[in-house]
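The values are calculated or read from the model by the stated rules, or taken from the named source; none is laboratory data. Note that the coordinates shown come from a computational prediction; the quantities given were computed from them, not determined experimentally. Cβ: placed from backbone, ideal geometry, glycine included. Neighbour counts: every protein chain shown.
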Amino acid sequence: MNRYNFGVIGNCSYLAFIDTSANVNWLCLPRFDSSFIFGSLLDKKKGGEFSIMPANGQFKSHQYYLKNTNILATEFEIAEGKFRVIDFAPRFNQYDRYFKPLMLFRKIYDK
């Protein structure tokens, strides 16, 4: 069980911190040492936000990684039901090299 309020995803080009309300709190592109795109970890007002959460703000959530992957799942429980947000950074072999596209994938599933 995740004992922190953040999950981490990345593909060796960039890194993102995602909190338990599925908000991207930190993301630097195109490299680790680039300026941040989302940086609410440092400054809530100027840092920007990319969140997926219930509009009324009343929810319970927890995070976990899908088994043997760097794919982060954030599950929400609300009065009307449940849903899950999946976040990952792709990395795969292509032409005998690792391809690390500068993409952050976010999928929403109804449970």
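Can you name the condition, by its number, that residue 33 falls short on among (1) over 16 Å from the mean Cα position of the chain (by Cα); (2) touching a residue at least 24 places away in the same chain (Cβ under 8 Å)? Among (1) over 16 Å from the mean Cα position of the chain (by Cα); (2) touching a residue at least 24 places away in the same chain (Cβ under 8 Å), residue 33 violates only (2). Just to be sure, is residue 61 of a type in the set (Ser, Thr, Tyr) and either surrounded by fewer than 11 Cβ atoms within 10 Å (Cβ to Cβ) or modelled with pLDDT of 80 or more (or both)? In short, yes. When region 58-94 is filtered for residues that are under 22 Å from residue 31 (Cα atoms) and hydroxyl-bearing (Ser, Thr, Tyr), only 69 remains.
Close contacts from region 71-99, counting a first residue that is assigned to a strand (DSSP E or B) and a second that is among the acidic types (Asp, Glu), with Cβ to Cβ under 7 Å and a gap of 6+ residues or different chains, come to 72/87; 82/75; 83/110; 84/75. Looking across region 1-50 at every residue that is farther than 16 Å from residue 105 by Cβ and small (Gly, Ala, Ser), the one that is surrounded by the fewest Cβ atoms within 10 Å (Cβ to Cβ) is identified as 35. Taking the conditions (1) touching a strand residue (DSSP E or B) at 6+ places or on another chain (Cβ under 6 Å); (2) closer than 22 Å to residue 17 by Cβ; (3) free of Cβ contacts under 8 Å to residues at least 24 places away in the same chain in turn, residue 57 satisfies each one other than (1). Residues in region 64-77 that are more than 27 Å from residue 102 (Cβ to Cβ) and surrounded by fewer than 16 Cβ atoms within 10 Å (Cβ to Cβ): 77 only.
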